[in-house]
Amino acid sequence: MKTLISFLAATFISFAATAQSTEVLFQRYIQVKDALVNSDGKTASAQAAALQQELANSWSGQESLLQLVKTIAATTDLATQRKAFADASVKMWELVKNKGGVKQTVYYQYCPMKKAYWLSQEAAIRNPHYGTQMLTCGKVSDKKNP
């Protein structure tokens, strides 16, 4: 009985830590997205560095996502950042959708012009792949409720 209680406690603590780090990871991702919406490569790079740190500290097994985030952090060139962000968004959606832990509805949005996805906290379209050039181009493709 004591072993079972210890196991359940460890499982709960592990689940709570994953849920908390998923929320932090998602918020860092949103900061990168918002910088790209504003076509601000310098801020996107800085926010990606913070996302990179969070991934490195708390998310072993996410090497491909980590490499994409490193690409965003390593440059201020918007075209390069947006290309890596498109691929990173697909991987982030897999994490959010499968791991849960985000305390709000997450919208999975799609830009038909770029054929690329991104995650958002709101249903309104603010396209990070084109920024101010085509701010409202896109649609909600899917969503995950908390």
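Residues being of a type in the set (D, E, K, R), in contact (Cβ under 8 Å) with a residue 12 or more places away in the chain and in a helix (DSSP H, G or I): count how many of those fall in region 57-82.
Within region 57-82, residues that are of a type in the set (D, E, K, R), in contact (Cβ under 8 Å) with a residue 12 or more places away in the chain and in a helix (DSSP H, G or I) number 2.
Residue pairs whose Cβ atoms lie under 7 Å apart, sitting 6 or more positions apart in sequence or on different chains, and linking a residue in region 116-127 that is in contact (Cβ under 8 Å) with a residue 24 or more places away in the chain to a partner that is in a loop (DSSP other than H, G, I, E, B) and among the small types (Gly, Ala, Ser), are Asn127/Gly138. Summed over region 36-56, residues that are part of a helix (DSSP H, G or I) and closer than 27 Å to Gln133 by Cα total 13. Every test in (1) within 18 Å of Leu25 (Cβ to Cβ); (2) free of Cβ contacts under 8 Å to residues at least 60 places away in the same chain; (3) not aromatic (Phe, Trp, Tyr) is passed by Cys111 save one, and that test is (1). In region 56-74, what residues are modelled with pLDDT of 95 or more and buried (at least 16 other Cβ atoms within 10 Å of the Cβ)? Within region 56-74, Leu65, Leu66, Leu68, Val69, Lys70, Thr71, Ile72, Ala73 qualify. Among the residues making up region 87-146, those that are more than 17 Å from Leu36 (Cα to Cα), surrounded by fewer than 19 Cβ atoms within 10 Å (Cβ to Cβ) and among the β-branched types (Val, Ile, Thr) are Thr105, Val140. Quick check on region 79-102. Is at least one of its residues more than 16 Å from Tyr117 (Cβ to Cβ), at pLDDT below 95 and small (Gly, Ala, Ser)? Yes, there is a match, as at least one residue in region 79-102 is more than 16 Å from Tyr117 (Cβ to Cβ), at pLDDT below 95 and small (Gly, Ala, Ser).
The values are calculated or read from the model by the stated rules, or taken from the named source; none is laboratory data. Since this is a predicted model, take the numbers as computed values, not measurements. FYI the Cβ positions are ideal-geometry reconstructions off the backbone, even for glycines, and counts take in every protein chain you see.
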